[in-house]
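*Asks:* Can you keep this structure in mind? I'll have questions shortly.
The values are calculated or read from the model by the stated rules, or taken from the named source; none is laboratory data. Computed from a prediction, not measured in an experiment: that's the story for all the values here. Counting neighbours? That spans all protein chains shown, and the Cβs are built from the backbone with ideal geometry, glycine included.
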Ligand code: SF4
Ligand code: SF4
Ligand code: SF4
């Protein structure tokens, strides 16, 4: 299937280029974000009746995992309020660029940290404390405030959106799974970029008089070299600044980016972190094991320390270890001969192959999260109506829905929908593994078997 260029439509293009609709959404989002912090700090400590828990971990999470990431990739980052205050301070402007910028330090992010290991660590920290985070409004408020103030602080010291690019624990997995989305921003013609003077999409065009005035890519990406969605925050700045109308927003086939997977270990481990976390969350939050729930909740106890060690062991040793074993088997000529796929000696062994093949786990991981979130969200969705009317748990009834009784919704659809998601993810990942194996001239069967085993475990945990 070819790409369909959405920005050919003049209405879509001018809506995306215009800063005002985006600003309006930003302001609403920022107000909601600040309210979530306040609700967490001053509202009821009962998580299921506090706006911060209900709207962040149920409503926002449902929209993010079930809609935004699968269909719009980094679409959430296009309207996320976290980087805004820092970015507005950094730019000294809310809308158009000024001719004279404020004097902040504007340093380059350290070269040694230009990867997503810090994002991986930040996500793991949240994951290890998730039982407390998901149920305690004050902790949620502290984490939300910490993200906001860290983003502001980094904007004062480093250029562009350093927090988004290198630290945000949410941005890390959105970037990973955005590669599967059927939406992308890309250049139309390479040659036009080669001959383009000044590369305003990266460097900015700050004369307020210019029709194409705008900021250089806030994500420190050169749009002319974009081949994957991972680090493009869909801010639309390059669409505004490109003087040659060389930027397009396209509809495309799902998982198009995975045809040429990254060979980076930090991104490979992100795939294992997300796959493992989905399975562990399913066991802890949805499973029947009280002792496991207690171990995850009582942070600092010896049970929690064991839980944390097992959590990290699964993610950093067991899952990648078994995956390496699968790749080792895939490279064995005897196995290939056995399976009738002997087409020469396997190429590209080692870490590079490990990293490239781990991309085939991305669809599986996304579908694990979809299946897990369906359970979590459909069970708790009734709290959204309650919290809408009484966001602080103070006995208000703003919209007459404060007394809606808790009950799970669409329960009869849950198991079939989860099974569909998991089996779909398995088939999707198996196809990715087959493509990668064909290119490397090795057998895909061991990687497929790995995906199958992980899916069986997830089915067992969820159903
Ligand atoms: S990377 Fe994080 S902070 Fe930045 S826009 Fe995306 S979700 Fe928001
Ligand atoms: S995307 Fe536009 S502004 Fe950027 S290098 Fe290409 S032609 Fe120039
Ligand atoms: S400027 Fe363009 S390439 Fe950079 S994040 Fe925004 S939309 Fe993506």
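*Asks:* Those residues that are more than 9 Å from ligand 2 (Cβ to nearest atom) and modelled with pLDDT under 90, I need them from region 199-208; list them, please.
*Replies:* Listed by number, the residues that qualify are 206, 207, 208.
*Asks:* Hey, any hits in region 287-309 for a residue that's under 29 Å from residue 231 (Cβ atoms) and in contact (Cβ under 8 Å) with a residue 24 or more places away in the chain? Don't jump to the end; show me each part of the working.
*Replies:* Our first condition is that a residue be under 29 Å from residue 231 (Cβ atoms); within region 287-309, this holds for none.
So far as region 287-309 goes, no, none of its residues is under 29 Å from residue 231 (Cβ atoms) and in contact (Cβ under 8 Å) with a residue 24 or more places away in the chain.
*Asks:* Output the residues belonging to region 389-416 that are crowded, with 18+ Cβ neighbours inside 10 Å and closer than 19 Å to residue 51 by Cα. Give the derivation first.
*Replies:* As a first pass, look at region 389-416 and keep what is crowded, with 18+ Cβ neighbours inside 10 Å: 390-393, 402, 414.
Those that are crowded, with 18+ Cβ neighbours inside 10 Å and closer than 19 Å to residue 51 by Cα: 390, 391, 392, 393, 402.
*Asks:* Here is a check on your reading of the model: is residue 214 within 16 Å of ligand 1 (Cβ to nearest atom) and buried (at least 20 other Cβ atoms within 10 Å of the Cβ)?
*Replies:* On the way: within 16 Å of ligand 1 (Cβ to nearest atom): no; buried (at least 20 other Cβ atoms within 10 Å of the Cβ): yes.
It is false that residue 214 is within 16 Å of ligand 1 (Cβ to nearest atom) and buried (at least 20 other Cβ atoms within 10 Å of the Cβ).
*Asks:* Could you tell me which of the residues 211, 248, 263 is within 14 Å of ligand 2 (Cβ to nearest atom) and touching a helix residue (DSSP H, G or I) at 6+ places or on another chain (Cβ under 6 Å)?
*Replies:* Values: 211 fails: touching a helix residue (DSSP H, G or I) at 6+ places or on another chain (Cβ under 6 Å); 263 fails: within 14 Å of ligand 2 (Cβ to nearest atom).
Of 211, 248, 263, the one residue that is within 14 Å of ligand 2 (Cβ to nearest atom) and touching a helix residue (DSSP H, G or I) at 6+ places or on another chain (Cβ under 6 Å) is 248.
*Asks:* What's the number of the condition residue 271 fails, among (1) touching a helix residue (DSSP H, G or I) at 6+ places or on another chain (Cβ under 7 Å); (2) part of a loop (DSSP other than H, G, I, E, B); (3) more than 16 Å from ligand 3 (Cβ to nearest atom)?
*Replies:* Among (1) touching a helix residue (DSSP H, G or I) at 6+ places or on another chain (Cβ under 7 Å); (2) part of a loop (DSSP other than H, G, I, E, B); (3) more than 16 Å from ligand 3 (Cβ to nearest atom), the lone unmet condition for residue 271 is (2).
*Asks:* Right, something else. Out of the residues in region 160-184 that are part of a loop (DSSP other than H, G, I, E, B) and over 14 Å from the mean Cα position of the chain (by Cα), which is nearest to ligand 1 (Cβ to nearest atom)?
*Replies:* Looking at residues that are part of a loop (DSSP other than H, G, I, E, B) and over 14 Å from the mean Cα position of the chain (by Cα), I get 161.
Yes or no, residue by residue, for (1) closer than 18 Å to residue 231 by Cα; (2) away from ligand 3 (no atom under 15 Å from the Cβ); (3) outside the structural domain of residue 360 (by TED's automatic domain parsing); (4) free of Cβ contacts under 8 Å to residues at least 40 places away in the same chain:
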residue	(1), (2), (3), (4)
160	yes, no, yes, no
165	yes, no, yes, no
183	yes, no, yes, no
188	no, no, yes, no
191	no, yes, yes, yes
199	no, no, yes, yes
203	yes, no, yes, yes
206	no, no, yes, no
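*Asks:* State whether the residues of region 220-236 include one that is outside the structural domain of residue 156 (by TED's automatic domain parsing), more than 24 Å from residue 3 (Cβ to Cβ) and assigned to a loop (DSSP other than H, G, I, E, B).
*Replies:* Applying the first criterion (outside the structural domain of residue 156 (by TED's automatic domain parsing)) to region 220-236 yields 220-236.
From what's left, more than 24 Å from residue 3 (Cβ to Cβ): 220.
From the residues that got through so far, the ones that are assigned to a loop (DSSP other than H, G, I, E, B) too are 220.
Yes, the conditions are met somewhere in region 220-236.
*Asks:* List the helices (runs of 4 or more DSSP H) inside region 1-118, counting only whole elements, that have at least 1 residues being within 16 Å of ligand 3 (Cβ to nearest atom), closer than 28 Å to residue 267 by Cα and not assigned by TED's automatic domain parsing to the domain that holds residue 285. So that I can check it myself, show each step before the final result.
*Replies:* On the way: elements: 10-17, 19-42, 69-72, 84-91.
Qualifying helices (runs of 4 or more DSSP H): 69-72, 84-91.
*Asks:* Just the residues that are in a loop (DSSP other than H, G, I, E, B) and touching a strand residue (DSSP E or B) at 6+ places or on another chain (Cβ under 8 Å), please, taken from region 243-268.
*Replies:* Here is the first cut: in region 243-268, the ones in a loop (DSSP other than H, G, I, E, B) are 243-246, 252-255, 260-264.
The answer is 243, 246, 252.
*Asks:* Still on this structure: Inside region 287-344, counting only helices (runs of 4 or more DSSP H) that do not spill past its ends, which hold 1 or more residues that are modelled with pLDDT of 95 or more? Explain how you work it out, then say what you get.
*Replies:* Details: elements: 290-297, 302-313, 319-330, 333-338.
Counting at least 1 such residues, we get 290-297, 302-313, 319-330.
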